[in-house]
Each structure stands twice: as structure tokens, then as C-alpha cells.
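The values are calculated or read from the model by the stated rules, or taken from the named source; none is laboratory data. On a predicted model such as this, the values are computed, not experimentally measured, just so you know. Counting neighbours? That spans all protein chains shown, and the Cβs are built from the backbone with ideal geometry, glycine included. These area figures cover heavy atoms from the full protein model, side chains too; ligands, DNA and RNA do not enter into them. Shrake-Rupley method; radii C 1.70, N 1.55, O 1.52, S 1.80 Å.
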Amino acid sequence: MPDAQAQTKIPVTVLTGYLGAGKTTLLNRILSEPHGKKFAVVVNEFGEIGIDNDLVVGADEEVFEMNNGCICCTVRGDLIRIIDGLLRRKGDFDGIIVETTGLADPAPVAQTFFVDETVGAKTALDAVVTVADAKWLKDRLKDAPEAKNQIAFADVILLNKTDLVSDTELKDVEMRIRAINPFARIHRTQKSDIAIDKVLGQGAFDLDRITAIDPDFLEGGHKHFHDEDMQSFSFASDKPLDPDKFFPWIQELTQREGPNILRSKGILAFKDDPDRFVFQGVHMILDGDHQRPWRADEAKTSRIVFIGRKLDRAALEKGFLSCVA
Amino acid sequence: MAAPSSSSSLTSKLRHLDLGGEVIGVHFLGRSAAFALGTGGIVLAEGDNEQRIEAHKGAILSVAGDARRLLTGGDDGRVVATSGDGASETLFEQRGRWIDQVASGADGAFAFSIGKTAHFRPAKGEAKSLEFPSTVGGLAFAPKGTRLAVAHYGGASLWFPNAVAKPDVLVWKGSHRGILWSPDGRFVITTMQEAALHGWRLPEGANMRMSGYPSRVRSMSFTAGGKYLATSGASEVILWPFTSKEGPMGKQPTMLAPRDTRVSCVAAHPKEDVVACGYDDGLVLMVRIADGAEILLRAPEGSPVSALGWRADGGALAIGTEAGKAGLMVF
């Protein structure tokens with residue numbers, strides 16, 4: 001897609017978080033603070049928003065399977081229609097915030113922005129923001145798969161209610177988050193108090209903004225703490241890749257393993273190609289493009305990351321390394 | 001075939017209007033074209049006259065109409081009827097909800113939907129409502145009588161609001177959005193979230209799958225007498241044949257007026273075998289089904305054509321675009 005079009009797209013922030021984590025408090029902050037911006041808000045329960053705003057819309061969380069033979073390709077039908085409707089009032093607001101219920105899987109919401117043509121052409125998923133309760137997250141990660149999915153999907157995590165735990169407990173829960181999702185930006189907060197520019201306008205799904213995949217975390221970091229269920233793998237290669245090997249591999253992989261791969265991201269150097277190629281995906285849906293030329297001072301290292309379940313690390317690594325030109 | 005040039009004997013007859021808001025739908029009330037806008041306004045245009053009515057305090061989401069009045073549903077929770085003289089009347093209001101769909105029936109009856117609930121309002125008699133398992137995607141009255149076709153997830157339902165019996169459910173997996181009856185009432189067609197149409201032959205409910213589109217179909221229209229179903233969604237007008245009992249099953253569609261950009265809107269002439277089609281770049285032409293002959297009506301200016309409507313006698317065509325430009329042509 002040309003850049004000129006990307007600039008006019010309305011940014012959409014998906015706000016998730018388990019019950020009681022502080023989602024609504026964050027939403028009320030975003031809506032009430034004097035930042036001069038107007039947001040249309042899609043909520044699932046009326047009444048919780050303390051702000052009188054005629055751009056607050058109730059949703060039904062109607063998830064349905066696309067009829068395209070892709071079993072994990074579920075989308076939010078209600079959201080497609082609501083965004084179609086909101087687009088009629090283009091110019092009345094600067095961004096859209098979609099709040100999900102505490103028990104929701106973020107995947108159908110994220111996939112909606114890739115699957116529907118109109119929604120994809122006129123809006124852009126900015127980031128998945130997850131509010132997590134510093135005190136209770138640890139327990140929820142054990143007993144609520146939804147809570148773990150929300151962490152795994154996040155681009156930005158508000159580790160909230162930090163005043164209710166000790167420093168040691170806080171470090172521990174942060175490690176657990178890192179074990180599930182090493183890529184998200186984590187902000188420690190109390191009462192969801194955060195500058196809105198740390199939550200909105202993140203461009204996390206914007207391929208132009210994928211600047212780095214932190215090599216440190218790839219090497220060390222998360223190895224100290226393994227989540228029993230959620231995995232995150234990252235692989236790197238200093239040798240350029242062959243696009244004719246890489247694309248068939250990633251297509252086949254995501255078709256086959258799509259249900260198990262929650263998120264994927266990559267920055268790739270192809271042979272005889274001066275540009276960085278970046279991509280990211282949600283389950284089976286992939287989006288990728290040439291981003292910009294590699295800089296002279298940059299190591300042309302290809303990196304790829306996966307967050308998911310039941311993934312075969314050795315097979316993924318072997319598959320990726322076999323794409324070397 | 002040759003690319004259409006930027007002018008024809010007719011383009012000079014097009015009257016241009018700048019409406020200032022996305023045109024959601026257009027419908028003739030007698031000799032006057034009524035444009036419904038995303039900004040909530042309605043503009044009535046006839047000859048050189050233009051009248052603006054602020055019908056909704058928000059966006060208009062859906063549009064229907066008959067010879068007498070235009071029905072609009074808005075995100076202000078209102079159903080508004082507007083007549084050709086500019087008088088407008090609120091027929092229903094529920095604050096804080098969106099009126100997603102409206103439909104116009106015979107004898108002044110109308111229907112609308114809010115989320116999962118469809119509402120039926122006869123001119124006289126008792127109002128009825130029914131909740132469906134999922135949000136109503138489309139709503140249409142049968143050509144005669146008061147039976148309503150309701151599109152939703154997993155298919156469509158045929159509802160007699162005045163009958164006690166449960167609606168007949170026509171099942172097909174996926175999300176069904178727009179819905180349309182054939183003029184003889186023997187077929188019900190839906191546009192799907194996927195790039196396909198689905199149809200059912202009545203009364204037996206036999207499935208008809210019409211696929212092969214490169215993008216979602218947003219606009220469909222039966223040609224005079226129900227011979228063809230004309231649709232948008234491809235870089236040519238797709239016409240599915242409905243003359244035989246089986247409808248289009250096992251037959252190839254006719255494809256006319258190919259261009260290098262997609263058809264965004266179609267409207268069949270009420271009397272002749274002619275279809276008006278608008279494209280993503282704002283171009284509008286008329287094409288004759290018999291031989292594919294094209295006449296340019298509007299030169300492209302960039303914004304997709306979002307609405308097309310013929311006057312009941314076929315003597316005029318109204319055009320609206322996403323950017324809020326409009327055109328009126330009297331033949």
C-alpha cells in the first residue's frame with residue numbers, strides 16, 4: 001500500500017485486559033484528559049464509561065469464521081459494521097479505541113483489520129494494549145488462558161496496580177510477562193495512570209515502525225523464566241535469505257501451524273535486495289512489505305520471532321535457516 | 001474494447017452538485033432526487049432547485065424509500081421519513097442506539113433493525129419486533145405483502161411479522177450483509193462478507209452460490225422484469241441470469257463494461273435492459289445488456305461512486321460519491 005494512503009488511515013487501538021485489571025479506568029483517563037484529541041470508542045458494556053460522548057458505541061462481540069477455509073480466521077462481524085458506520089462520521093474523531101471484554105481473545109479483533117477490505121483500507125491497527133493486574137496476573141496466567149493470550153498478543157502492556165505488590169513480586173511478574181511476550185513495551189502504572197502518548201499512536205502494527213527486534217532478549221533474558229504453555233522463539237541469520245525459499249516456507253508454516261502461532265514478526269535481509277523487508281502476522285494472516293534501504297552502519301541481520309503454543313523450536317529454526325540463499 | 005473517452009453527448013447534460021458529505025443513498029421522490037448524506041442531511045434536488053434538510057443529528061447509516069417518501073436510519077437512533085416537499089417526520093427514536101437497517105414496504109409499512117432486533121411497523125395495526133441470534137445485516141420486504149427477509153450470520157430468515165409461526169431459516173455459513181428479493185419473489189439473494197453472493201430459490205430453499213469476485217459485493221440490482229441480477233465487486237458489471245426456473249445455477253454470468261478499476265455501484269434501469277454503473281474512480285456509464293454498448297455519463301474525478309438511483313420512469317439518473325459530489329442527469 002502506498003504511504004500517502006497510510007497517512008490518512010484512522011488509527012485503531014485495541015484495549016484488552018482481564019476482568020478488574022483497570023481497563024475502564026484507563027479508558028476513562030484517555031477520554032477525560034485534556035489532550036485535544038477526540039476518540040470514537042467501541043465498548044462492550046455501556047454504563048462503565050463515565051464520560052458523556054456520543055461517539056461511544058456498544059458492541060456485541062460477534063465472532064464468526066470467515067468462509068475462506070482458514071479455521072483460525074475468525075473476525076468480529078459487529079466491529080466491521082460499527083467501523084463502517086463510524087467512517088460515515090470521518091473527521092469527527094482522531095482515532096478509534098476498541099475495548100474488549102475481559103474474557104475475549106484479541107485475535108479476532110486484530111484479524112478484523114486485515115481481513116475486511118473497507119476496514120483495512122480506511123483504518124490501521126495501531127497497537128494491542130493490555131492492562132494487567134500486578135497482584136493477580138500471576139494467578140490468572142495459571143487459571144485463565146484468556147489472560148495469557150492477552151499478554152501474548154500485546155504490543156504495549158500496562159502493568160497496573162504496582163502499589164499493591166512488593167518490588168520482588170513486581171520483578172517476578174514482569175519476568176513472567178517477558179517469558180510469554182518478550183516484545184511488548186511494559187509500563188508500570190498505578191490506577192492506570194499513564195501519558196496517553198505511551199498508549200496511543202504506537203504504530204506497532206505499522207510495518208514502517210518495526211525498527212528492531214531486541215537481540216538481547218533473543219539471547220538471554222527470557223531463558224530464566226519459561227512459561228509452561230506459551231512459547232516465544234526468535235532466530236537470526238547474518239547470511240542473506242532467498243525470498244524464493246522464505247515465502248513458500250512462511251506461507252506453508254502459517255497455514256499449517258496458524259492456530260498455534262499467535263503473533264509473528266520479522267525483519268529480513270534478502271539476497272541482492274538493498275531494502276529491509278518487514279512482516280508481521282496474526283495466526284494465518286501475514287502482512288509484509290519492503291520498508292527502507294538498509295543503512296550502511298546496520299548489520300544486515302535477518303530476525304524472526306514467533307509467539308505461540310505447541311511449536312517445535314528445532315523445526316522452526318531449521319526451517320528458517322534453510323531459507324538462507 | 002476502447003477506453004471510454006472523457007466526454008460524450010450526454011456528459012454535458014450532467015448537472016453537478018456539491019453536497020458536502022458522503023452520499024449513502026439516493027432515491028427519487030416523484031421528480032425530485034433525494035440524496036442521503038453521511039453527515040445526517042438530506043438534499044432534495046430537482047432542476048436548478050436544491051433544498052437541504054437536517055434530518056439526523058449524526059450519520060445516516062441506511063436508506064430506503066418508496067414513491068412517496070425516503071426512509072433513513074441514523075446513528076442518532078432515529079428513523080426519519082422525508083417527503084418530496086421537504087417535510088420530514090421522526091417515525092421512531094431510541095436514543096443511544098444505532099438504526100443499522102431500514103426497509104420500505106407496501107402501503108406505508110416499514111421495518112428497521114437495531115443490533116439483533118428487527119422491528120416491523122405497519123401503517124395500521126400492531127407493531128412487531130423479533131430478536132435474531134445475531135446482528136441483522138440486511139433487511140428487505142418481499143415485492144408483495146409484508147414478508148421480511150432478514151440477513152444475519154449463518155444465513156437469512158424469512159419472517160411474516162403478523163404470523164405466530166417462527167421464521168423460516170435459510171442456512172448458509174458466513175456473514176450475510178445486504179439482502180434482496182427477486183421481483184417475482186422466487187429468489188432471495190445476499191451479499192456476503194466474503195467476496196461472494198449467496199442465494200436461495202424459494203420455496204424449497206435450494207442454495208445458489210455465486211462467487212469469483214475479486215472483492216466484496218456492495219451493490220446489486222435486478223434488471224427490468226428480474227431477467228438479470230447486476231452486481232458490483234469486479235472490474236466489470238457482473239450480470240447473473242435469472243430467466244430460468246433454476247436461476248443462475250450452472251450458468252456463466254455476463255460481464256459488461258470492463259475497465260481497469262472496480263465497479264462500486266450499480267442500478268438497473270426500471271424499464272429497459274440497461275444498467276447504470278459507477279466505478280471506484282467516479283466514472284459513471286450506462287451499458288445496454290443486449291450488445292454491451294456503453295455511453296459515458298460522468299467523467300472520473302477520483303472518488304468512488306457510492307450511490308445511483310433512477311427515477312421511476314427511467315427518465316433521470318442521480319449519482320452520488322463518497323467525497324460528497326453528486327450528479328443529476330435528465331435524459
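Structure above, values below:
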item: Leading residue by the ranking (nearest to B:A276 (Cα to Cα)) among those in region B:227-241 that are open to solvent by 10 Å² or more (accessible area, probe 1.4 Å) and outside any strand (DSSP E or B); result: B:E236
item: Residue within region A:78-87 that is under 20 Å from the mean Cα position of the chain (by Cα), at pLDDT 90 or above and open to solvent by 10 Å² or more (accessible area, probe 1.4 Å) present; result: no
item: Some residue of region A:304-323 being in contact with a Leu (Cβ under 9 Å, 6 or more places away or on another chain), outside any helix (DSSP H, G or I) and either among the basic types (K, R) or more than 14 Å from A:S232 (Cα to Cα) (or both); result: yes
item: Enumeration of residues in region A:232-264 that are assigned to a loop (DSSP other than H, G, I, E, B) and buried (at least 17 other Cβ atoms within 10 Å of the Cβ); result: A:P240
item: Where B:S215 falls short, out of the listed (1) under 15 Å from the mean Cα position of the chain (by Cα); (2) under 29 Å from A:T112 (Cβ atoms); (3) in a loop (DSSP other than H, G, I, E, B); result: (1)
item: From A:V156, A:V129, A:V173, A:V119, residue being out of contact with any Leu (no Cβ under 9 Å at 6 or more places or on another chain), open to solvent by less than 10 Å² (accessible area, probe 1.4 Å) and not assigned by TED's automatic domain parsing to the domain that holds A:D287; result: A:V156
item: Residues (under 13 Å from A:V56 (Cα atoms), facing another protein chain (nearest Cβ under 9 Å) and not small (G, A, S)) located in region A:77-88; result: A:I82, A:L86
item: Residues located in region A:273-303, provided they are within 18 Å of A:L321 (Cα to Cα) and open to solvent by 70 Å² or more (accessible area, probe 1.4 Å); result: A:A299, A:K300
item: Count of residues meeting criterion [at pLDDT below 90, open to solvent by 20 Å² or more (accessible area, probe 1.4 Å) and among the small types (G, A, S)] in region A:194-211; result: 1
item: Test: A:F64 is of a type in the set (F, W, Y), outside any loop (DSSP other than H, G, I, E, B), open to solvent by 10 Å² or more (accessible area, probe 1.4 Å) and facing chain B (nearest Cβ under 10 Å); result: yes
item: Selection status of A:K171, farther than 21 Å from A:T13 by Cα, of a type in the set (K, R) and in contact with an Asp or Glu (Cβ under 7 Å, 6 or more places away or on another chain); result: no
item: Sole residue being within 10 Å of chain B (Cβ to nearest Cβ) and either farther than 29 Å from A:G36 by Cα or without any contact (Cβ under 8 Å) to a residue 24 or more places away in the chain (or both), chosen from A:D92, A:D139, A:D105, A:D116; result: A:D116
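Each row is one residue, and each column tells you yes or no for (1) of a type outside the set (A, V, I, L, M, F, W, C); (2) out of contact with any strand residue (DSSP E or B) (no Cβ under 8 Å at 6 or more places or on another chain); (3) at pLDDT 85 or above.
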{"residue": "A:A4", "(1), (2), (3)": "no, yes, no"}
{"residue": "A:G17", "(1), (2), (3)": "yes, no, yes"}
{"residue": "A:I30", "(1), (2), (3)": "no, no, yes"}
{"residue": "A:F39", "(1), (2), (3)": "no, no, yes"}
